[in-house]
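These notes are about the structure you will find just below.
Only the coordinates and a few stated rules stand behind these numbers; no lab work does. Only a predicted model underlies this, so the values are computations on that prediction, with no experimental measurement involved. Using ideal geometry, Cβ is built from the backbone for each residue, glycine included, and neighbour counts are taken over all protein chains shown.
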Amino acid sequence: MADYDYDVLIIGSGPGGYVAAIRAAQLGLKTACAEGRATLGGTCLNVGCIPSKALLHGSELYEDAAGGTLAKFGVKTGKVELDLPALLGEKDVAVKDLTGGIEYLFKKNKVTWLKGYATFKDAHTVDVAGQSVTAKNIVIATGSSVTPLPGVEVDNDKSVIVDSTGALQLPAVPKHLVVIGGGVIGLELGSVWRRLGAKVTVVEFLDQVLPGMDGDVRKEAQKLFAKQGIEFKLGTKVTAAAVKGKKATLTLEPAAGGAAETVEADCVLVAIGRRPNTEGLGLEAIGLELNKRGQIETDGSFRTRIDGVWAIGDVIPGPMLAHKAEDEGIAVAENIAGGVGIVNHAVIPSVVYTMPEIAGVGLTEEAAKDAGHTVKVGKFPMVGNSRAKTNRNTDGFVKVIADAGTDRVLGVWMIASVAGTMIAEAALGMEFGATSEDIAYTCHAHPTHSEAVKEAAMAVLGKPIHI
Ligand code: FAD
Ligand code: NAD
């Protein structure tokens, strides 16, 4: 048998790659992880989940103080001022702590960090920074990067037209921020800068925001964000951008055709999606082809068509989410070690960390009907929940979608201040095949926002108590 440097070599140290590396090492495999970025943790820890959540948290505190919520609860603050460098500094501390934490975990678990970008030479050999390294198994976990919009050139250094990375470090609050794309990034980062004082306009190609989410949730979310002051231009596309000094002029056209208009902005955020990272990987050297969307296809065990080469995370099909990548990281390591690693892709929760938060798991009502289910739907508004009323955060609702014949829960969707935390019980219930009755008869602590999940489940049978 060939002698390899490592049992497993993982390319990329995002939530997919670093988790796969740690689990492989825990399973006794000699493991290395190649990462070209200066710090470990990938998009998520460096320029994604973590810095965006730091800004969402800080901007929410600022809005609570400046907008009078603290005063309403008897906390007098005097004149509230924004110290933007301090807010950006806190975000940088969070990133440094967490990326450093992965380096510590690598050392603790004896995972070797190969510093540099990896390129395949053959199915068991990669070049990293001019060094040839061999492994019996190679896992591609190279993630994704921002999809460019032709005609709207991003230059993060100038802070006029930026992508999500640039929008995490604007040197000043823009007077007018135009966000291209009403998806997750557009609404999260749009919320951050609106709370800090920017006028925010979201230009969305489709006639609704948040594609892929449940229809009721999409409608309600847009209504709430409009109430918060975000302006929406739906069914609209940006066809050109001209930058002059510190200003951009965008040309907008109705998606269905019609007269163009121009809009001026002192910052433009391009957030129209992300695409898989495969450039420079040398996939041609191993004969691994991409699908039409530029992704690497795998089987349910995360094996590619090439023996010994596996793939996980944003670079393969499925939602581009950190926790999906992490679960695939654990599963691929367990499969490589000869165990059984499975990810139930039907139960991957998704959360938008705005205020209120938006969360869902499983099928939307539309997808359930398209799949041939006759559905029963229970909806419970947060205004009927005692904790939400007490905390004065009554926006939103919980919606439980169950199969009319079996009562099995097919999907749960919600808008609520803490929906990101509440969705976990729905995911757990669905993983165990729960019916709406199972959730309705599960005792929920009082007073918690989660009681709204129980009430929505009771509403499936037409018997909620508090509405
Ligand atoms: P990545 O995290 O993209 O990591 C891939 C790594 O591979 C990178 O560090 C890259 O440098 C490295 N790499 C690439 N090519 C090579 C090579 N040839 N050799 C060596 N290394 C290489 N998801 C959530 O679930 N929750 C959130 O709140 C959330 N917020 C987000 C906010 C923003 C602004 C963005 C942009 C994304 C957010 N995401 C969020 C998505 C999440 O970041 C991704 O789904 C997740 O990071 C994917 O993990 P991954 O391991 O597949 O890849
Ligand atoms: P997205 O797919 O969520 O949204 C992109 C939006 O842009 C869509 O609504 C789309 O219709 C619109 N669009 C596309 N082309 C357009 C055009 N030319 N003009 C106007 N609108 C256009 O993508 P994103 O917001 O860039 O986020 C990328 C990925 O990162 C997502 O897959 C998401 O899952 C992940 N992410 C997750 C979180 C989270 O979990 N909280 C946060 C941020 C990012």
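Taking into account only those residues within the stretch 169-203 that are out of contact with any Asp or Glu (no Cβ under 6 Å at 6 or more places or on another chain), of a type in the set (Val, Ile, Thr) and within 14 Å of ligand 2 (Cβ to nearest atom), which is nearest to Ser59 (Cα to Cα)? It comes out as Val192. Residues that are more than 10 Å from ligand 1 (Cβ to nearest atom) and surrounded by fewer than 19 Cβ atoms within 10 Å (Cβ to Cβ) number at least 1 in the following helices (runs of 4 or more DSSP H) confined to the stretch 1-109: 15-26, 49-66, 69-72, 84-109. Determine, yes or no, whether Gly166 is assigned to a helix (DSSP H, G or I), within 12 Å of ligand 2 (Cβ to nearest atom) and under 17 Å from Pro51 (Cα atoms). Taking the combined requirement at face value, the residue does not satisfy it.
Residues of the stretch 323-351 being within 14 Å of ligand 1 (Cβ to nearest atom) and of a type in the set (A, V, I, L, M), which ones? Scanning the stretch 323-351 gives Ala325, Ile330, Ala331, Val332, Ala333, Val343, Ile348, Val351.
Of all residue pairs spaced 6 or more apart or on separate chains, those with beta-carbon atoms under 9 Å, a first member in the stretch 101-119 that is under 11 Å from Glu35 (Cα atoms) and a second member that is surrounded by fewer than 16 Cβ atoms within 10 Å (Cβ to Cβ) and among the polar types (S, T, N, Q) are Leu114/Gln131; Gly116/Gln131. For the stretch 194-222, filtered to residues that are in contact with a helix residue (DSSP H, G or I) (Cβ under 6 Å, 6 or more places away or on another chain) and part of a helix (DSSP H, G or I), the residue that is nearest to ligand 1 (Cβ to nearest atom) is Arg195. When the stretch 131-154 is filtered for residues that are without any contact (Cβ under 8 Å) to a residue 12 or more places away in the chain and closer than 19 Å to Leu281 by Cβ, only Ser132 remains. Of all the criteria given as (1) under 14 Å from Leu189 (Cβ atoms); (2) free of Cβ contacts under 8 Å to residues at least 12 places away in the same chain, the one not satisfied by Lys53 is (2).
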